[in-house]
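The values are calculated or read from the model by the stated rules, or taken from the named source; none is laboratory data. Not measured: the values here are computed from a predicted model. All Cβ positions, even for glycine, are placed from backbone atoms using ideal geometry, and neighbour counts span all protein chains on display.
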Amino acid sequence: MNLILGIESSCDETAAALVTADRRILAHRVAGQEAAHRPYGGVVPEIAARAHVEILPDLIEEVLAEAEVKLADVDAIAATAGPGLIGGVMVGLLTAKGLSLSTGKPLVAVNHLEAHALSPMLTEPGLAFPYLVLLVSGGHCQLLFVEGVGHYRRLATTIDDAAGEAFDKTAKLLGLGYPGGPAVERAAQSGNAAAVPLPRPLVGSAEPHFSFAGLKSAVLRARDSGRYADADIAASFQQAVVDCLLDRTRVALEAASGATALVVAGGVAANQAIRAALTALAHAHDLPFVAPPLWLCTDNAAMIAWAGALRFAGGLVDGLDAPARARWPLDPDAEKARGAGVKA
Ligand code: KG4
Ligand code: ZN
């Protein structure tokens, strides 16, 4: 059974994993860099790239030791080749190229978004193509219709901020700390979601996309008005995001005929209010709702190894000239969303 080494370094997590084509996760490790970025309230690309250089070689040794395999036992080496912070992407991809060159094992250059989109299949063997994925993370907010390996239709994207970015910025405005998502969710628990009137950008619009920038500005105005408790702002903000995600996903579900499941991926999938709303939406459409375990929703290398395994099985390997890409749309045919192109 094919064994794939996966490497992830596109943002602020350094990760390595060993996964087999029959879904066994022999080892997976994620080294976060939160402490290094916390003083800046967000990810600093240069700090991230340097940290990847320092962490990655040891991490690869560790997963090999934990799985009790040698590099020579690996069938292919998969690494994120984009989209992401270019310095970090280069660190992971060049490491993979070096290993590929020295061992003669083929390289698989993986699109990070593709890895998120395929990740639910790793822990959910019953999941069949096609399915609809809501990918909500700090860098992305997209609805992808996954028809097969290498076949993705982007039904929606954000025209400004990603959902996780909106959580992070709201947390910063309310002084709740970084990363913002979990902090906002915690604060929201003791707040009244109906207390602060906030907009629901693009809800009800025929345009299929997402928008969160206006919501962030409204949070700023609510804070500066001095009329609301932080917990009420957090709860009202979270409810507004839930309403936006739900409305846009409903539109996509109606467009994505034949979908066998609604799947959520990305770090924002940790949010319980969002999960509950999506579960209800899926069930209203008679579809199963699939949420991979949280560790698989956030950035990790098992999903890179798994996407690598699927691509390798289909003969999709790459040369040592495979480029690192800051931007790499999964669906190059997707219509440009106004103001977009920035995130993916
Ligand atoms: O997928 P991820 O680990 O990294 C990328 O952005 O690729 O996602 C991180 C994002 C951050 O914006 C973080 O604030 C958000 O996911 N997040 C959450 C929650 N936990 C993490 N957002 C809302 N509620 C949460 N519980
Ligand atoms: Zn990600």
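Remark: residue 123 matches the filter, which requires a residue to be within 22 Å of residue 15 (Cα to Cα), of a type in the set (Ser, Thr, Tyr), in contact (Cβ under 8 Å) with a residue 12 or more places away in the chain and away from ligand 2 (no atom under 14 Å from the Cβ). Residues in segment 295-309 that are of a type in the set (A, V, I, L, M, F, W, C) and either within 16 Å of ligand 2 (Cβ to nearest atom) or more than 24 Å from residue 62 (Cα to Cα) (or both): 295, 296, 297, 301, 302, 303, 304, 305, 306, 307.
Candidates in segment 246-266 are the residues that are out of contact with any Phe, Trp or Tyr (no Cβ under 6 Å at 6 or more places or on another chain) and buried (at least 24 other Cβ atoms within 10 Å of the Cβ); of these, the one that is farthest from residue 293 (Cα to Cα) is 249.
Right, residue 225: surrounded by fewer than 21 Cβ atoms within 10 Å (Cβ to Cβ), of a type in the set (Ser, Thr, Tyr) and in the same structural domain as residue 189 (by TED's automatic domain parsing) or not? The answer is yes for residue 225.
Just one of the listed residues (156, 193) is in the same structural domain as residue 268 (by TED's automatic domain parsing), at pLDDT 95 or above, of a type in the set (A, V, I, L, M, F, W, C) and closer than 24 Å to residue 114 by Cβ, namely 156.
Within segment 272-294, one or more residues are within 28 Å of residue 252 (Cα to Cα), within 16 Å of ligand 2 (Cβ to nearest atom) and surrounded by fewer than 19 Cβ atoms within 10 Å (Cβ to Cβ). Of all the numbered requirements in (1) within 16 Å of ligand 1 (Cβ to nearest atom); (2) surrounded by 18 or more Cβ atoms within 10 Å (Cβ to Cβ), residue 86 misses one, and that requirement is (2). If I filter segment 70-86 for residues that are in the same structural domain as residue 30 (by TED's automatic domain parsing) and without any contact (Cβ under 8 Å) to a residue 40 or more places away in the chain, do I get at least one hit? Among the residues of segment 70-86, at least one is in the same structural domain as residue 30 (by TED's automatic domain parsing) and without any contact (Cβ under 8 Å) to a residue 40 or more places away in the chain, which makes the answer yes. Determine which single condition residue 4 fails, assuming it passes every other condition in (1) at pLDDT 95 or above; (2) within 16 Å of ligand 2 (Cβ to nearest atom); (3) among the β-branched types (Val, Ile, Thr). Result: residue 4 passes all but (2). Any residue at all in segment 137-147 that's more than 16 Å from ligand 2 (Cβ to nearest atom), in contact (Cβ under 8 Å) with a residue 40 or more places away in the chain and among the aliphatic types (A, V, I, L, M)? Within segment 137-147, not a single residue is more than 16 Å from ligand 2 (Cβ to nearest atom), in contact (Cβ under 8 Å) with a residue 40 or more places away in the chain and among the aliphatic types (A, V, I, L, M).
Scanning segment 123-165 for residues that are over 14 Å from residue 209 (Cβ atoms), within 12 Å of ligand 1 (Cβ to nearest atom) and part of a loop (DSSP other than H, G, I, E, B) turns up 137, 138, 139.
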